[in-house]
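Asks: If you scroll down you'll find the structure; I have some questions about it.
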Amino acid sequence: MKELLQLLKPYRKRLSLVALVDAFGMMASLLMPFVMSEIVEKGIAGESLTAVWKYAAIMLLLAILSAAGNLISVKLNTSVSARFTSELCQRTFEKINSLSYSDYSRIGPSGLLTRATDDIWNVEGAVTSLPYTLFTVPILFIGSTVLAFLADHVLAAVFMLSIPPVLILVLIIMRPLYDMWDKSDKYVDLQNKIVRERLSGLRVVRAFNNEKREHGRAKFATEEMSKYMIRANTRGGMVDPVAMLLLNLATVAVVYFSSIRADGGTLHSTGDVIAVLQYIALISSALINISWTLAWLPKVKVSIRRINEIHTMNDEETLSDEKSLLPEGYDIEIRDLSFIYPDTKEAVLRNVSITVREGENIALIGGTGSGKTTLIRLLTGLFEPTEGEIILGGRNYRQIKKADIRSRFSVAMQKAQIFEGTLRDNIKTGDPNATDEEIREALRISKMEDFLNSHEEGLDYLLVGMGQNVSGGQRQRLNMARTVIKNADVYVFDDSFSALDLLTESEIRENYRERLAGKSRIVSTQRISTAMSADRIYVLDGGRIIGEGTHDSLMISCPIYREIAESQLGRRGKEDSYEK
């Protein structure tokens, strides 16, 4: 609750106004039982129709004031909670987009999704009920108690004896709820993750006939989630009936003692009994609300903690003053770099050292799992090295802001991400200020000119999410067009030619050689044909550099490189290299 109140600080004036209006309506409600007792005593018992009409009119006015106060407070409260939720969603989304890749990966997209939706929805419910719980309920409870004692202190005392047992039982019921909701939410995250994996890897699952295994994983997550969720809801649902049972028993006790006192002649008046019973109904309403809030509080507390996990993470630009040095040039030196992914023990990269001079064309080659993509993630600042260092323009990466590092790079990542929107919008993610002429030129040199001309919409052609209306090769070429349109110092292509035929790849590489003349290029690939033209090739295997040099020198000095070349080019590739 403390965290929630911190988030609500900017809204305290609006919430105070809601509480004030609500309190005004509640005051009117508190006076109604008193007026009702006056109708009974002075109107009915006194046989005065004038008194009945008089107090009935007062009661009607109080009812109108109470209803008006409630309507206005609900409208104001809804406006505040909607604005708060909107701003919280925006802040959470902005924070998620500022997280480092390692922090993003630690929670995962499934966990971030549930925090940004379901958990925020739970907090919105808490904010909506907050003014009523913190201000109206205490006024209702205290006011009704005081007025009940003024009406008949004996009957009020009889009822008040039931309150401690109600609160004790509620507290006993709610004790394990926090752990139950916490575990339930963890399995919601897991279930979301499994569903996302199944949807993205549906073809692979079917190809390897692993549907049964995936069904089992989803079933386990769903059953565990439902187990804790049902337990929590069942236990929380016990609060209202238990509280109502005890409070109704207390009401019966009040009526019973009223009859005893009436027989004994110690009862002051029938009107006071009616007033006390109405005040007891108001007190019961307040206690039920308190009980419900206590039962719901663990769920809200879990949601606030989960949202707070995101907001308390350090974003990528949380740097001290001394960590703001700009690189001088764009020579790159990777020195004895090793890296272990979070929550794993085995190093993905070990003692890697690479040098990229200004204007050089460097190739990284190796099989799947050799560490090429991880090296590029480190190079672009998505992760921090476990050991070793990366030097850009004479500055250690730890001395440079991530935004300054990435301003020097333009990267075509291994997975060609296509967003829902027009062709123009997708290419402009590389350079938001690019003109239509520049976009067409980027598409031309990426061999997408025919695709552009084949659609009447041109640059307004609509791409669906994940690029489902284009082929794999077209997705890669769109991704590369987005990369080359940015004016950067270093261009990185992470296995970006894998879906292209050799002729198309050759033409694109020739276009890029002209377009990016004088710029550094780093190409990660599994193809010998892609690596052959590089100024220097680094061969990775098992996270280590096992070879360095040109194609010809590696054919002689590196058995693994020679094996890859012979498997892709045949014996002719080896003979050609010797002849050269």
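Asks: For Arg106 and Ser353 in the same chain, what is the full-extension length gain: residue separation times 0.36 nm, less their Cα-Cα distance, in nm?
Replies: On the way: separation 247, 0.36 × 247 = 88.92 nm, distance 2.73 nm.
Full-extension gain reported as 86.2 nm.
Asks: A further question follows. Holding the Cα-Cα limit at 29 Å, pick out from Lys219/Lys372; Lys13/Lys301; Lys75/Lys186; Lys345/Lys486; Lys401/Lys486; Lys299/Lys402 the pairs that are longer than that.
Replies: Working: Lys219/Lys372 36 Å; Lys13/Lys301 24 Å; Lys75/Lys186 35 Å; Lys345/Lys486 37 Å; Lys401/Lys486 19 Å; Lys299/Lys402 37 Å.
From Lys219/Lys372; Lys13/Lys301; Lys75/Lys186; Lys345/Lys486; Lys401/Lys486; Lys299/Lys402, over 29 Å: Lys219/Lys372; Lys75/Lys186; Lys345/Lys486; Lys299/Lys402.
Asks: Of the peptides 297-304, 465-472, 77-84, how do they stack up when ordered by the mean number of other Cβ atoms within 10 Å, highest first? Numbers along the way, then the final one.
Replies: On the way: 297-304: 21.2, 465-472: 13.9, 77-84: 17.6.
Descending mean neighbour count gives 297-304, 77-84, 465-472.
Asks: Can you tell me the accessible area per residue over segment 1-117, all protein chains present, probe 1.4 angstrom, in square angstrom? Can you show the working numbers first?
Replies: On the way: 6750 Å² over 117 residues.
So segment 1-117 comes to 58 Å² accessible per residue, rounded to a whole number.
Asks: Give me the distance in nm between label points sitting 7 Å out from Cα along the Cα-to-Cβ direction at Phe419 and Phe220, one decimal.
Replies: Going from the Phe419 label point to the Phe220 one covers 3.7 nm.
Asks: Another question, then. For the chain, give the percent of accessible area contributed by carbon and sulfur heavy atoms, probe 1.4 Å, rounded to a whole number. Walk me through the intermediate numbers first.
Replies: Working: 16970 of 29500 Å².
It is 58 percent, rounded to a whole number.
Asks: Also, I was wondering about something else. Say each of Ala499 and Thr344 gets a label point 7 Å from the Cα, pointing the same way as Cα to Cβ; how far apart are those two points in nm?
Replies: 2.4
Asks: Setting aside same-chain residues fewer than 8 positions from Lys183, which aspartates and glutamates have a Cα under 17 Å from its Cα?
Replies: Asp118, Asp119, Glu223, Glu224, Glu309
Asks: Considering only protein heavy atoms, what per residue accessible area in square angstrom results for segment 357-439 with a 1.4 angstrom probe?
Replies: 42
Asks: Sorted by packing (mean other beta-carbon atoms within 10 Å per residue), highest first, where do 438-447, 335-344 land? Present the calculation step by step, with values, prior to reporting the outcome.
Replies: On the way: 438-447: 20.4, 335-344: 14.2.
Ranked from most to least packed, the peptides come out as 438-447, 335-344.
Asks: What is segment 445-580's relative contact order, in percent, from Cα pairs under 8 angstrom and six or more apart in sequence? Walk me through the intermediate numbers first.
Replies: Numbers: 124 pairs, mean separation 22.4, N = 136.
Reported as a whole number, the value is 17 percent.
Asks: On to the next question. Ignoring everything except DSSP H segments at least 4 long, calculate the 222 nm mean residue ellipticity for the chain; use -39,500 (n - 2.57) per segment, divide by total residues, nearest 500. Don't jump to the answer; show the numbers that get you there.
Replies: Numbers: 24 runs with 361 residues, N = 580.
So the calculated ellipticity at 222 nm is -20500 deg cm²/dmol.
Asks: Tell me the per residue accessible area of segment 451-525 using a 1.4 Å probe; a whole number in Å² is fine. Working shown, then result.
Replies: Working: 3100 Å² over 75 residues.
Accessible area per residue: 41 Å².
Asks: Continuing with the same structure: In what sequence, highest mean first, do 522-530, 53-61 appear when ranked by Cβ atoms within 10 angstrom? Walk me through the numbers before you get to the answer.
Replies: On the way: 522-530: 22.0, 53-61: 14.9.
Descending mean neighbour count gives 522-530, 53-61.
Asks: Another question, then. Want the number for Ile260 to Thr429: 0.36 nm per residue separation, take away the alpha-carbon distance, what's left? Could you put the intermediate results ahead of the total?
Replies: Working: separation 169, 0.36 × 169 = 60.84 nm, distance 8.21 nm.
Extending this stretch completely gives an extra 52.6 nm.
The values are calculated or read from the model by the stated rules, or taken from the named source; none is laboratory data. Small disclaimer: the values here were computed from a predicted structure and weren't measured. For neighbour counting, all protein chains shown are included, and Cβ atoms are generated from backbone atoms with ideal geometry for every residue, glycine included. All accessible areas refer to the heavy atoms of the entire protein, side chains included, with ligands and DNA or RNA removed. Shrake-Rupley method; radii C 1.70, N 1.55, O 1.52, S 1.80 Å.
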